[in-house]
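To keep things clear, I will list the structure first and then write my remarks on it.
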Amino acid sequence: MKVHLRQIPQGETLHLEGEEDSAPLGLEEAGAEPVGPLEYSLDVGLSDGGLFATGRLHQRVRMTCVSCLEAFEQDLDSDPFATQIELGGGESVDLTPEVREDIHLLLPAHPRCDQGGEKTCPAHYPAAARPSLNDSGDTARPAIWAALDQLKTPPSDGSP
Ligand SMILES: [Zn+2]
């Protein structure tokens, strides 16, 4: 996402709006698959030897729920997005590193399919809670009942 400095009017801002290929964002490395392009709407201007950009970014991604392991889609919205870049003397400034960083900050470390509140995760209760119940309850109980059964049954009745 390059901004040509000559296009920015002196003392004013330049409005940029459109879509960009989301491949440079490197979302796959973070476990998210981009769904559609990166959409942006930005106002860029120059001040004190730097370039500033404000506006909003939108990217839809597909992630895997850490709880139920189902794939789900989520919108990442950076609104408001704001950044400032020092000018390096070139004719253009590339906003991609700033945009990339901002989008990555929106990615959840532990994505859950129910985090948007639109659906309920089928694995709402962690599976780890069940084995401990079974250990103290279901597996221990048959041993106790077997011992009680032996106590109730007189040895003489069982002998042939
Ligand atoms: Zn889930």
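The values are calculated or read from the model by the stated rules, or taken from the named source; none is laboratory data. Note that the coordinates shown come from a computational prediction; the quantities given were computed from them, not determined experimentally. Note that we place each Cβ from the backbone using ideal geometry, even for glycine, and neighbour counts take in every protein chain shown.
Tabulated data
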item: Residue 54, sole failed condition from (1) assigned to a strand (DSSP E or B); (2) touching a helix residue (DSSP H, G or I) at 6+ places or on another chain (Cβ under 9 Å); result: (2)
item: Conditions (1) within 16 Å of the ligand (Cβ to nearest atom); (2) loosely packed, with under 15 Cβ neighbours inside 10 Å; (3) not in a loop (DSSP other than H, G, I, E, B): number failed by residue 108; result: (3)
item: Residues (surrounded by 15 or more Cβ atoms within 10 Å (Cβ to Cβ) and in a strand (DSSP E or B)) located in the stretch 1-32; result: 3, 13, 14, 16, 20
item: Which listed residue, of 82, 71, 109, 123, is aliphatic (A, V, I, L, M) and at pLDDT below 90; result: 123
item: Scan of the stretch 58-99 for residues that are part of a loop (DSSP other than H, G, I, E, B), loosely packed, with under 12 Cβ neighbours inside 10 Å and more than 16 Å from the ligand (Cβ to nearest atom), ordered by number; result: 88, 89, 90, 91
item: Residues of the stretch 26-51 that turn out to be within 16 Å of residue 83 (Cα to Cα) and either among the small types (Gly, Ala, Ser) or in contact (Cβ under 8 Å) with a residue 24 or more places away in the chain (or both), as a count; result: 11
